[in-house]
1. Using r as the Cβ-Cβ distance of ASP336 and ARG229, and R0 as 51 Å, what FRET efficiency do you calculate, to the nearest 0.05?
2. In square nanometres and to one decimal, what's the mean projected area of the convex hull around the Cα atoms of region 192-344?
3. In Å and on Cα atoms, what radius of gyration and Dmax does region 363-448 show?
4. How large is log10 I(q)/I(0) at q = 0.28 Å⁻¹ when the Debye formula is applied to the Cα atoms of region 381-420, each weighted equally and without solvent?
5. More than 24 angstrom separation, counting every C-alpha pair in region 465-575; what % is that?
6. With just the Cα atoms of region 93-252, tell me how far they stretch along each of the three principal axes, in Å, largest first.
7. Once you compute Rg and the Kirkwood Rh from C-alpha atoms, what is the Rg to Rh ratio for the chain?
8. If you take the beta carbon distance between GLN243 and ASP281 as r and set R0 to 30 Å, what does 1/(1 + (r/R0)^6) give as a FRET efficiency, to the nearest 0.05?
Amino acid sequence: MLTTPRRTFVALTALTALLAAGCSAGPDRPRPAPSASASAGIWSAATPAPDTDPAARAAALVRTLADEDLVGQVLMPYAYGSSATEVSPASAAGNRALAGVDTPAEMVAKYRLGGVILVGFSADDPTSANQVTTNVDSPRQVRELTTGLREAAGKLPAGPAPFLIGTDQEYGMVTRITDGVTLLPSALAVGAAGDPALTEAAWRAAGAELAAMGINMDFAPVADVLVKRSTVIGSRSFGADPQQAAAQVAAAVRGLQAEGVAASVKHFPGHGLSSADSHQDLPVVGQSRAVLDSTAFPPFRAGIDAGAMAVMSAHLDVRAIDPGTPATFSHKVLTDVLRGQLGFQGVVITDGMNMEPAKRWSPGEAAVRALNAGNDLILMTPNVSEAFDGLLAALRDGSLPRDRLVEAVTRVLTMKFKLADRTAPDMSTLGSAEHRKAVAALAAATVTMLRGRCDAAPVTGPVTVTSSAGRDRARDALTKALTAAGVKVVPSGGRIVHLVGYGDGAGDLRADAAVTVAMDTPYVLATAKSPTLLASYSSSPASMTALAAVLAGTARPVGHSPVPVTGLPATACDN
C-alpha cells in the first residue's frame, strides 16, 4: 500500500523527533523538577520546549529522562483498588504481589509508569479471564481515582506529559463502566445500522463522558471482521463485511478522538479470522495473505487513515506472515506489515500480557520481546517488578536496543502531548440529554427484522416477556420500555416475546414465542420457529427502547444483519 502524504508527514516528524532524542540520560544524571502545573488539571501539561508540536515536545522530554524513566513510560499495568492512595487490605495484598507496593499511586511512583488501565467486569464478558480485579465502581469514584493517579504521575520526571489512563469501553459485552453513563449499542448493532454519521455522533458522546471521568485512552473500537462465528469477538465486531466495518471503525475513531480520548484500534492483524479465544490459547489464523489484505486489514487501514493514535496487537499465530510466533511478538507482523506496509506511525500497544499466549515467557522476557517486535506500550503485565527489571537489564546489556526504547517512548510521549492542554468536560455531561439523543438515534437504526411482516406491529394485545436464563435485567428493561410505549405487559398469558443473548443456542429458544429477539449475534435465529424474528444485537437501555418501539408498531425495523444467518435474509423489510 502506498504511503499517503499525511502518513509521510507523520513518519518524518516521528523520525526527526527520534534523531533529536539521541541517547537518554544515565541513571545518575540530574533530572529537572516537574512543573507545578503538571498535575493541576486532568489534561493540563507544561511545555518542555518552545515548540508546541507534540513530537518536538516529546523529543525534548525524552532527552531529560533516565533509563528508569524510559522503561517506566512503556509500562501500562492494572492495579488493585478503587482509590489511588487508600485501598483495602485485599487490594494492598494484590498490589504487593503484582508490584511490591500497597497502592496504585505508589506503583506509579516506584516504576515511573506511563499509564494505568482500569479494569472491571461486565455481564457475559468474554475477556473475564484476564480481569483479575476491578477498580470501577461509579463515574465519580473513577474521576477521583484518575485524579489521584495523575497527581502521583505529575511528580515524576515525565510528569509534563499527561498520564495515560485507559479502559476497555467497547460497549456491549465488554463495557467496564456501566452505571451512570450513556451506554451505546454493541458494535454489531452499530454495523446493522450502517450509518457512520450516527456512529460518529454516538462515539463522540462516549468520548466526552470518558474524558469527564479522567480517561484519555479507550481500547476501542474493535476492527476485527467477523469471518468466523466466535464467542470471544462476536458482537464486539461491526460485522462480516470488511468495507462496512471499515466505515464504522473510522467513524468511532473520529468520534472518540474529537473529545480528546485516544482510540486504540484492535486486535491487529484481525481476531475475527479465528474462533479460538486468545485469553486461553494461541489462535491460528490460517488464511492466505491475500485474504488478510482484502478481509482483515481494511478496517485497520480505515482506522489509521482516520487518525487513530494507537493500534493494539493480538496474540494470534498468523501463518501467512510469521508462522508459530504470536503477532504480539512478531517483528514481521508489527514492524514489516503494520508499520512498513500499512504505514502506521502511532503507538502500538500489546493485548493483555497476562493472557496465556504471552505467559510462555517470564514477564521480563515477554516485555523485551514485545518491544523488540515493535510494540511501544506493554499492557497488563502479570508482574510489574519483573517486567520493569527485565526491560532495564535488557537495555543495559544491549538485548533491547536503546534506539528501539527511545523510539517507543517518543511515540508514547508524542501521543500524550497530542492529548494535552484540553479541559476535561464537567461530570454533568454524563447521561446528558444531548448524549442520550445521539445514542437513541443510533439505536433506532439498529433493530432488524429477519422474519415477519413489516407493515404491522409484530404483536397485538397483551405481551408476556420471557428470556433465557440470566437475562432478568434485559427482560425488566424491555418490560419497562414496552409499558412506556403503551403496550400492556402481563406476567403470563400474553403473546410471548422471548429474549436470547450471549452464548445462547437452540436449547434456549421457545417454540411458542410469537417473537424471538437476539440481543447478541443473531445466528441462533436460524433455528427459531417464531413467526417474527428480530435482532437488537444489544441489551443496552437505548437498544431496549428501540426494540419496544418496533414491537409497539411505532417504529420500523430498518437495520440489516451485518453477519449472514443461515436461511434468513439480512432484512425482511426491504420492500
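1. 0.95
2. 8.3 nm²
3. Spelled out, the Cα radius of gyration and Dmax of region 363-448 are 20.6, 59 Å.
4. Values returned for q = 0.28 Å⁻¹ are -0.88.
5. Roughly 16 percent, rounded to a whole number.
6. Dimensions of region 93-252 along the principal axes of its Cα atoms: 46, 30, 27 Å.
7. Ratio value, two decimals: 0.99.
8. Efficiency, rounded to the nearest 0.05: 0.50.
Every read-out reported here was derived from the displayed coordinates using simple, explicitly stated rules and does not represent laboratory data. Model, not experiment: these values are computed from the prediction. Counting neighbours? That spans all protein chains shown, and the Cβs are built from the backbone with ideal geometry, glycine included.
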